[in-house]
Amino acid sequence: MSEENDKEVLFEVTEDHLDTGLRGVPVGTCRTSFVDPKKGVHYCGYPVGDLADMDPEDVIFLLFEKRLPNRQESQDFRHELAQRAARLPTGALRVLESLTPSSGHPMDWLSIGIQALGVAETTGDIRADGLNLISRMPELMATIFRLRGGRGLPEVASEPERGMVENFVHLLGMDGVDAERMTRTLRVFLVLHMDHGGGNLSTFTGKAVASGWASLYASISSAMNALSGPLHGRANQSCLEFVQRIGTSDEAEVESFVRKELAARRPIYGFGHAVLRAEDPRAAAQFKLGEEICPDDENFQTVKTLRIVAPRVLSENPKISNPNANVDIASGTLLNAVGFHKPDYYTTFFGWARVAGISAQILDERNARGGRGTPIYRPKYYAADPTIRRLE
Ligand code: NMX
Ligand code: MLT
């Protein structure tokens with residue numbers, strides 16, 4: 001083997017790897033985050049649990065710049081986001097008004113809203129488009145809530161200088177909620193969900209679409225569609241729905257429920273993972289937050305029991321690589337406890353968070369190879385019937 005071909009063999013692909021959803025097959029490098037199977041995700045080297053209480057804006061800066069900002073940079077970055085938000089083109093989201101409020105899933109609205117923002121303004125500069133989109137997410141999210149809201153949430157003027165989450169909560173104008181508790185929960189939620197390595201389905205989809213030089217908006221909208229599936233982001237909705245169906249924290253009853261779900265061949269949402277092989281630290285961080293904001297909440301009691309019972313039951317099936325809790329186990333319970341009572345909105349919060357990580361990763365891929373960008377994605381497929389044709 002010549003010296004230049006003498007490269008480390010990272011992974012040997014055999015026929016057993018075909019048709020497994022690329023599980024474990026190395027594809028590239030990721031600068032924003034890395035997922036350790038036991039210790040969970042690290043953003044630019046920081047374990048995510050250590051970042052949970054930070055300003056979401058600072059964590060976005062980290063994902064883009066690969067270092068945390070100093071105080072001045074933090075202020076400047078928040079100001080930059082606020083200015084970008086304030087320049088949202090008038091009427092950009094009006095297309096959402098033409099949708100029937102009760103129709104479609106909120107994730108469809110999110111995807112349409114992102115495309116609409118791109119229609120209103122795409123600069124072609126990935127950094128600028130990414131930061132514009134991130135800065136305008138609070139208004140898009142609030143618009144979806146308001147238009148679908150039924151009970152008629154008021155139209156409130158955006159005040160982006162408040163901060164992203166603070167502005168979103170302000171824009172909701174919801175009566176009877178504890179805005180401080182809601183803000184605290186959403187800030188932690190956003191930080192924990194921003195990024196999860198390069199290969200998760202939504203990020204991979206967004207980067208694949210972007211590799212063909214589609215716009216940032218088209219790429220992120222595609223990513224949101226990928227996130228909308230119940231095995232991926234929508235597991236947070238499904239998880240609270242079944243926690244509410246369980247309706248008890250009695251261990252024996254919870255166990256019987258889990259067994260019945262498995263017998264009916266339904267997934268136990270909030271458990272299992274393609275990469276993690278221990279309980280997700282993002283789950284642990286949310287249980288900690290739950291003890292702070294809603295320790296006596298009934299659903300919280302149920303998920304605490306599930307956290308113990310489900311891994312025990314799932315471990316009985318040797319096919320399941322990771323029986324432990326994932327990021328979705330408690331997030332719906334917390335969102336419900338602070339005033340978001342409709343589970344079908346929960347994945348939009350996941351999407352809002354992930355817009356940051358995916359945009360940063362798309363930017364990194366566009367800057368790769370000295371600015372030429374990562375080549376267009378094109379993995380190989382073998383002919384299903386080798387007598388017809390062996391190779392593509
Ligand atoms: N409940 C029931 N069956 C499961 C579960 C679970 N929680 N986890 C894995 N399995 C099954 C899985 O469906 C597969 O069955 P089959 O061979 O018939 O296809 C088998 O066990 C082996 O799967 P794994 O290799 O352990 O996991 P895989 O990487 O294929 O899938 C998930 C990972 C996350 C899709 C899977 O664990 C799952 O469906 N979990 C429940 C849904 C969920 O919580 N998803 C959220 C993941 C995180 N996120 O937000 O994206
Ligand atoms: C996650 O946040 O857990 C995901 O996006 C799923 C994954 O990493 O495969």
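The values are calculated or read from the model by the stated rules, or taken from the named source; none is laboratory data. Keep in mind it's a predicted model, so treat the numbers as computed, not measured. All Cβ positions, even for glycine, are placed from backbone atoms using ideal geometry, and neighbour counts span all protein chains on display. Ligands, DNA and RNA are excluded from the accessible area calculation, which covers all protein heavy atoms including side chains. Shrake-Rupley method; radii C 1.70, N 1.55, O 1.52, S 1.80 Å.
Does any residue of segment 218-225 turn out to be farther than 25 Å from residue 92 by Cα, open to solvent by 50 Å² or more (accessible area, probe 1.4 Å) and of a type outside the set (Phe, Trp, Tyr)?
The answer is no, given that none of the residues of segment 218-225 is farther than 25 Å from residue 92 by Cα, open to solvent by 50 Å² or more (accessible area, probe 1.4 Å) and of a type outside the set (Phe, Trp, Tyr).
Which one is nearest to ligand 1 (Cβ to nearest atom) among residues in segment 295-316 that are basic (Lys, Arg) and closer than 24 Å to residue 193 by Cβ?
The initial filter retains those residues of segment 295-316 that are basic (Lys, Arg), namely 304, 307, 312.
Next, only the ones that are closer than 24 Å to residue 193 by Cβ stay: 304, 307.
On the way: 304: 17, 307: 13 Å.
This residue is 307.
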Among the residues of segment 281-294, is there at least one that is farther than 26 Å from residue 225 by Cβ, open to solvent by less than 10 Å² (accessible area, probe 1.4 Å), away from ligand 1 (no atom under 16 Å from the Cβ) and in contact with an Asp or Glu (Cβ under 9 Å, 6 or more places away or on another chain)? yes
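Suppose we filter segment 194-213 for residues that are open to solvent by 30 Å² or more (accessible area, probe 1.4 Å), in a loop (DSSP other than H, G, I, E, B) and more than 12 Å from ligand 1 (Cβ to nearest atom); how many remain? If you could, list the steps in order and put the result at the bottom.
As a first pass, look at segment 194-213 and keep what is open to solvent by 30 Å² or more (accessible area, probe 1.4 Å): 199, 201, 204-205, 208-209, 212-213.
From what is left, the residues that are in a loop (DSSP other than H, G, I, E, B) are 199, 212-213.
Now drop any that are not more than 12 Å from ligand 1 (Cβ to nearest atom), which leaves 212-213.
Total meeting the criteria: 2.
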Kindly check whether there is at least one residue in segment 48-57 that is under 19 Å from residue 168 (Cα atoms) and assigned to a helix (DSSP H, G or I). yes
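Over 29 Å from residue 185 (Cα atoms) and in contact (Cβ under 8 Å) with a residue 40 or more places away in the chain: does that describe residue 343? Outline the logic, then answer.
Working: over 29 Å from residue 185 (Cα atoms): no; in contact (Cβ under 8 Å) with a residue 40 or more places away in the chain: yes.
Criteria not met by residue 343.
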Among the residues of segment 249-287, how many are more than 17 Å from residue 39 (Cα to Cα), charged (D, E, K, R) and outside any loop (DSSP other than H, G, I, E, B)? 6
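Take the conditions away from ligand 1 (no atom under 16 Å from the Cβ) and open to solvent by 30 Å² or more (accessible area, probe 1.4 Å) and apply them to residue 136. Does it pass? First the steps, then the outcome.
Numbers: away from ligand 1 (no atom under 16 Å from the Cβ): yes; open to solvent by 30 Å² or more (accessible area, probe 1.4 Å): no.
It is false that residue 136 is away from ligand 1 (no atom under 16 Å from the Cβ) and open to solvent by 30 Å² or more (accessible area, probe 1.4 Å).
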Elements of type helices (runs of 4 or more DSSP H) contained in segment 297-391, each with 1 or more residues being modelled with pLDDT under 95 and crowded, with 24+ Cβ neighbours inside 10 Å: none
Within segment 13-45, count every residue that is under 18 Å from the mean Cα position of the chain (by Cα) and away from ligand 2 (no atom under 16 Å from the Cβ). 2
I'd like to know if segment 9-28 contains one or more residues that are more than 16 Å from ligand 1 (Cβ to nearest atom), modelled with pLDDT of 95 or more, farther than 18 Å from residue 326 by Cα and hydroxyl-bearing (Ser, Thr, Tyr). no
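Would you mind finding the one in 282, 354 that is within 17 Å of residue 194 (Cα to Cα), charged (D, E, K, R) and not assigned by TED's automatic domain parsing to the domain that holds residue 262? Write out each step before concluding.
Values: 282 fails: not assigned by TED's automatic domain parsing to the domain that holds residue 262.
None of the other options fit; the residue is 354.
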Could you please tell me which pairs satisfy a Cβ distance under 6 Å, a separation of 6+ or placement on different chains, a first residue in segment 65-85 that is touching a residue at least 40 places away in the same chain (Cβ under 8 Å), and a second residue that is open to solvent by 50 Å² or more (accessible area, probe 1.4 Å) and assigned to a helix (DSSP H, G or I)? 82/161
Can you pull out every residue in segment 243-261 that is closer than 15 Å to residue 314 by Cα, surrounded by 17 or more Cβ atoms within 10 Å (Cβ to Cβ) and either of a type in the set (Ser, Thr, Tyr) or touching a residue at least 24 places away in the same chain (Cβ under 8 Å) (or both)? 254, 255, 258
When segment 170-193 is checked residue by residue, the ones that are open to solvent by 30 Å² or more (accessible area, probe 1.4 Å) and either assigned to a helix (DSSP H, G or I) or within 23 Å of residue 68 (Cβ to Cβ) (or both) are 170, 179, 180, 181, 184, 187
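Being within 22 Å of residue 284 (Cβ to Cβ), within 12 Å of ligand 1 (Cβ to nearest atom) and either open to solvent by 10 Å² or more (accessible area, probe 1.4 Å) or assigned to a loop (DSSP other than H, G, I, E, B) (or both): is that true of residue 229 here? Walk me through it before giving the result.
Details: within 22 Å of residue 284 (Cβ to Cβ): no; within 12 Å of ligand 1 (Cβ to nearest atom): yes; either open to solvent by 10 Å² or more (accessible area, probe 1.4 Å) or assigned to a loop (DSSP other than H, G, I, E, B) (or both): yes.
When the stated conditions are applied, residue 229 does not pass them.
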